[in-house]
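**Q** So that we are looking at the same thing, I have put the structure below in structure tokens.
The values are calculated or read from the model by the stated rules, or taken from the named source; none is laboratory data. Bear in mind the structure is a predicted one, so any value in this text is a computation, not a measurement. Methodologically, a virtual Cβ is constructed for each residue, glycine included, from the backbone with ideal geometry; neighbour enumeration extends over all protein chains shown.
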């Protein structure tokens, strides 16, 4: 399932590779865009940090760290 986003007027795309928890997806997306827009990180680093953020959050809460909760997104498309 492709989800298209317009970020700063430039086309971007994210590929959601499988099922993912809605709560985890919200945290992942929020973290991704915070890293991209506020910290001006590159896409690969922002994707990595977003995944780690969800993983750390779940680990801290004593919740499952199964990839279902943090590995559902892969960056694709034109990212600058």
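**Q** Could you list, ordered by first residue, the pairs with Cβ atoms under 6 Å in which the first is in segment 34-55 and assigned to a loop (DSSP other than H, G, I, E, B) and the second is surrounded by fewer than 21 Cβ atoms within 10 Å (Cβ to Cβ), at least 6 apart or interchain?
**A** Going by the 6 Å Cβ cut-off, the qualifying pairs are 41/35.
**Q** Do the conditions hold for residue 44, that is, is it surrounded by fewer than 11 Cβ atoms within 10 Å (Cβ to Cβ), touching a strand residue (DSSP E or B) at 6+ places or on another chain (Cβ under 8 Å) and modelled with pLDDT of 75 or more?
**A** On the way: surrounded by fewer than 11 Cβ atoms within 10 Å (Cβ to Cβ): yes; touching a strand residue (DSSP E or B) at 6+ places or on another chain (Cβ under 8 Å): yes; modelled with pLDDT of 75 or more: yes.
Yes, satisfied.
**Q** With respect to residue 66, determine if the residue is loosely packed, with under 13 Cβ neighbours inside 10 Å and modelled with pLDDT of 65 or more.
**A** Yes: the conditions hold for residue 66.
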